[in-house]
């Protein structure tokens with residue numbers, strides 16, 4: 001959210017940007033402010049239908065006003081906080097993930113000027129960044145929920161699911177900005193990888209990216225498909241695969257997958 005607000009100010013020249021996310025289904029509160037002269041908006045609870053933000057939430061589409069205090073098409077529960085911040089022209093954009101409003105981004109001027117399409121487009125683009133980050137986080141949490149009960153003692157018939165989840169987790173981890181969540185993802189990956197390892201681990205050390213590539217190969221992905229999943233170029237995938245095969249003493253992709261599983265590095 002903070003990065004999106006900074007980007008919004010940079011691309012539009014708007015002096016003030018602020019926003020917040022819905023937390024665990026509770027009210028949306030303004031948690032991030034940049035460029036604000038006062039803290040009057042911080043912690044403000046936005047209810048659906050109330051004010052500009054509430055209207056944006058209710059309609060699930062961007063809304064703006066040229067002069068907030070005199071705007072006729074919004075209610076005015078938040079006038080005092082807006083006035084204390086010295087804001088006049090305001091645009092609000094919803095953050096929508098899977099058809100649910102998960103947050104709001106605002107941009108504002110301290111003068112009553114019409115906010116044109118360029119500003120609106122930039123605000124929508126900033127909201128899309130937040131939407132993508134939330135969608136990635138949601139997917140990470142879904143995969144963790146699948147992996148946690150399985151990691152301890154997978155049933156014999158569940159190994160293909162375990163391997164599929166492991167590959168998805170490793171591919172997703174580099175895209176997670178939340179460090180704690182990313183570390184938890186990688187910890188679960190490690191538990192999944194060693195849950196069925198038999199005997200002592202082989203003396204081989206692979207880099208995280210080499211493991212990512214082998215995980216994709218183990219799932220049957222081509223180099224091009226692995227590149228798309230991991231956000232790499234096909235040539236880079238080939239280089240990682242060659243390096244991993246050399247370390248494992250494998251001559252083919254299949255031998256590499258067998259060797260890395262025997263080493264307890266992949267499930």
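Rule-based calculations on the coordinates, nothing more; no lab input. None of the values given here were measured: they were computed from a predicted structure.
Quick rundown of the values:
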item	result
Between the stretch 1-65 and the stretch 235-258, the Cα center-to-center distance that results, in Å	49
Candidates 164, 210, 235: whichever shows maximal mean-square fluctuation once the chain is modelled as a Gaussian network with Cα springs under 10 Å	235
Cα-Cα pairs of the chain separated by more than 35 Å (percent)	37
Cα-based helix-to-principal-axis angle, 234-248 vs the chain, degrees rounded to 10	40
Tilt relative to the chain, helix 179-194 - C-alpha long axis, 0 to 90 degrees, to 10	20
Helix-only CD estimate at 222 nm, as mean residue ellipticity for the chain, using -39500 (n - 2.57) per DSSP H run (n ≥ 4)	-16500 deg cm²/dmol
Tail fraction, Cα-Cα pairs, the stretch 2-133, threshold 26 Å, whole percent	9
